[in-house]
1. Does at least one position in segment C:188-201 carry a residue that is more than 16 Å from ligand 1 (Cβ to nearest atom) and either part of a strand (DSSP E or B) or at pLDDT below 90 (or both)?
2. Quick one: which of C:Met122, C:Met139 is more than 16 Å from ligand 1 (Cβ to nearest atom), in contact with a Lys or Arg (Cβ under 6 Å, 6 or more places away or on another chain) and more than 13 Å from chain A (Cβ to nearest Cβ)?
3. Name the strands (runs of 3 or more DSSP E) wholly inside segment C:1-81 in which the number of residues that are within 11 Å of ligand 1 (Cβ to nearest atom) is 3 or more.
4. Among the candidates A:Ile131, A:Ile113, A:Ile107, which residue alone is within 8 Å of chain B (Cβ to nearest Cβ), under 17 Å from A:Gly209 (Cα atoms) and surrounded by 17 or more Cβ atoms within 10 Å (Cβ to Cβ)?
5. Among the listed residues A:Ala44, A:Ala11, A:Ala82, which satisfies the condition of being outside any loop (DSSP other than H, G, I, E, B) and more than 28 Å from the chain's Cα centre (by Cα)?
6. Looking at C:Ala181, is it in contact with a strand residue (DSSP E or B) (Cβ under 7 Å, 6 or more places away or on another chain), modelled with pLDDT under 90, away from ligand 1 (no atom under 16 Å from the Cβ) and under 27 Å from C:Val64 (Cα atoms)?
7. Could you say whether any residue in segment C:10-17 is within 16 Å of ligand 2 (Cβ to nearest atom) and of a type in the set (Val, Ile, Thr)?
8. For segment C:218-254, what are the residues that are more than 20 Å from C:Ala181 (Cβ to Cβ) and of a type outside the set (A, V, I, L, M)?
Amino acid sequence: MPGRRGLIAAASLLGLALLWAWATSPFGPVSPERFPSPPLVGAAFLQIATTGFAGATLPRQVLTSLGLVIEGFLVAASSGTALGLAMGWNRRFAAFVNPVFQLLRPIPPLAWIPLVILWLGLGNAAKVLVIWFAAFVPAVINAETGVREIPGALLEAARMLGTPRHRLLVEVVVPAAAPMIFTGLRLCLQATWTTLVAAELVGSFYGLGHVLSEAQQDIYPGMIFVGMAAIGVCGWLTTAVLGWVERRLLGWHASARPAHA
Amino acid sequence: MPERASPSIGLAAALGLAGLAVFFAVWAGAGVLGLVSATFLPGPLTVLGELLHLLTHPYAGATLPQHLAASLQRYGGGVVLAVIVGLPLGLAMGWFRPLDAVVSPIFDGLRFVPPIAWVPFAALWFGTGAGGPVLIIFTGAFPPVLIGTYRGARMIEPALIEAARMLGTSNRRMLTEILLPGAVPSIVAGLRVAAGLGWQSLIGAELIVVSSGIGYMMVQGEAAVATSTVMAGIIAVGLVGTAIDLLLRAAERAVRRRYGLVGGGR
Amino acid sequence: MSAIVFAGARRVYDLPSRRVVALESFDLSIAEKEFVVIVGPSGCGKTTCLRLAAGFDFPSSGEVNVGGQKVTGPGPDRAVVFQHFALFPWKTVHDNIALGLRNAGVPAAERERRIESALKLMNLESAARAFPHQLSGGMQQRVAIARATVLDPAVLLMDEPFGALDAQTRVVMQEELVRLARVNPRTVLFITHSVEEAIYLADRVVVMTRAPGRIKEIIAVKALREQEGWDTLPKIEDVMDQPSFVQLRTHVWRSLRDEQVPSE
Ligand SMILES: Nc1ncnc2c1ncn2[C@@H]1O[C@H](COP(=O)(O)OP(=O)(O)OP(=O)(O)O)[C@@H](O)[C@H]1O
Ligand SMILES: [Mg+2]
């Protein structure tokens, strides 16, 4: 069955590609000035790969964005998870933090962009701060929920076995909350990409968002397509890496899922 | 040992107020003590004053309510479009496996392109017209509508359908009394997520492509180094987003009650 | 000296809406190496009583002593076997059993030796590297028992440990527990809903009244068991066929039956 599904998927994507080629060809209804034809995309790709576009070649643009994503993700994920764990661990601390958190939470992450540009300009620090505003929230919420939902019996079992208080965090709390923490990290990563692209579109010197914004100004559909595709591929790649890490660390859980389903 | 019990309501309230007090004290104090220039971090009262001022005095061509009205119009357009396309497609994918097999890979491929990355095409296709932001809101709101509906449609147990058949349920009854109530909670949950993501995408779009709306006002404020205007904009955006979410929550509750999915106190 | 002593233990929960008396003037002395089973209607306070001995909870008034000392918190001297096993899903069978020993600072070599013998005793050698979810319910419960007994606790506290198991597995576990108890007797406080299980396992059966729970009756089984030679019978069903067993079962049944809340 999965083989058949894979076949249908391949056929579906192939069909879409053919549809695209036909629609943007001279016989098709779509003008290549509105949406690029495959050859135009190929040409744009060749240009950015060799001579470069928007100030640099593709590897440099990709590495700029990827570096910021990794940096922003690590900062937001680690600080958010730590705060979430603390809030789940200590209900009084949670009561202290929660109103402020709830006050700031409804603000759409992208709304911070103008303020952060005012504060820090268009450099890397500004990008990381905007990413932090966006990606911090899901990390906090999921880590906190993860700790709060730990079955009481597990904590009691650990205490019964004489686990000292300070070791409880490592032995029980973090591993038990880990599946929820990873749920948060996936959302965190998604938010990181969205915000970074937005921030780079609004103002930056390098990066894939910068490629998009230059291509938009030059009315260069082929390059817009290449920029979007590059963002998609990078997003998929980072998600895959996170998934790999999750499977490595949470082998006990991932394989537990089908048994429970 | 994580604390299992929440603090008493009184203690929680006191702690929460203390937290808020610290937050506002740091915000206000940073400017007063000269740690940060007031140009870059105006105090809470200044920002509140600016917010009230913007209610009646135009900035960047319109008053705050006018900007918000322009934004909400686009927002409504994008979200409604997402529902019109996503809802039937999601139901169809849930109920007809072959369609699911065809559409899912395309959807999966597009999933990793953030809605905001559609801005250049939106600008190319629609210029500064209303279509651009609507497209971006659509790309933000569409996936959760589709996924929520799809899950809802898949959620209905075959045994329930068989039971209904066995009881001689007519096709029309089947739709209104079995299929929809089964799918509706997940659909409404998807709509709520869609509303949130759509609002976020709108703000992103308005930072880039248009010449009116709340996002545009904030960009203009940023260019003029009017920090209090930008911060007033952030607050307005947060308030409207909260209002939208509250509305949808109420709707979700009403729908769940309508379909008998809420028990007494839960 | 008694291993566990409840002296007028009472536990009251003050909920916002009402006040629940979970346990009322509970007096019970459990002797060293005695196997005591508590039965009683649902909600009568059995779990509460066990949690007081474990140190997860404390009496509102009265006292609970274990080994002559007032209970101030949980500890490895009073190992608990939970109803739903409470195994750490991210630890292998081996690592689940190892945690208590590591906490006690047992050196690695000694630790491995004890884990190995615990695995052997519970027939788990082949499952040492498996994660809990890869095991059947019966195996999971054996791991939970191994995890508790490997610490060689003075007291074993078991709250409906076989409640989540199917009937066949349950019988096997009951026989296994009896085997363990005769090989290496220790003080056990055991809770169950099954009258047969109670009589089969217990030295004494404690019947509780419906909530608020008090002790209704204490039935000595040990003397009868030894006199009738139950332990010489290899299979549980042979024991259950004994007229002496049947008579006792009927007695406990009636006693419990009187405590059921009349249905409206
Ligand atoms: N944490 C708690 N807060 C409030 N009430 C509680 C709490 N724990 C137990 N109770 C109440 O105390 C009473 C006794 O509960 P307990 O769990 O000891 O019963 P039980 O005999 O173990 O029941 P069962 O056989 O169903 O497991 C019940 O009425 C229960 O609702
Ligand atoms: Mg109980």
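The values are calculated or read from the model by the stated rules, or taken from the named source; none is laboratory data. Quantities reported herein were computed from a predicted structural model and do not represent experimental measurements. Neighbour counts are summed over all protein chains in view; Cβ atoms, including those assigned to glycine, are modelled from backbone coordinates with ideal geometry.
1. Yes, because at least one residue in segment C:188-201 is more than 16 Å from ligand 1 (Cβ to nearest atom) and either part of a strand (DSSP E or B) or at pLDDT below 90 (or both).
2. Just one listed residue meets the conditions, C:Met122.
3. C:2-14, C:19-31
4. A:Ile113
5. The match here is A:Ala11.
6. Taking the combined requirement at face value, the residue satisfies it.
7. No, there is no match, as no residue in segment C:10-17 is within 16 Å of ligand 2 (Cβ to nearest atom) and of a type in the set (Val, Ile, Thr).
8. Of everything in segment C:218-254, those that are more than 20 Å from C:Ala181 (Cβ to Cβ) and of a type outside the set (A, V, I, L, M) turn out to be C:Asp241, C:Pro243, C:Gln247, C:Thr250, C:His251, C:Trp253, C:Arg254.
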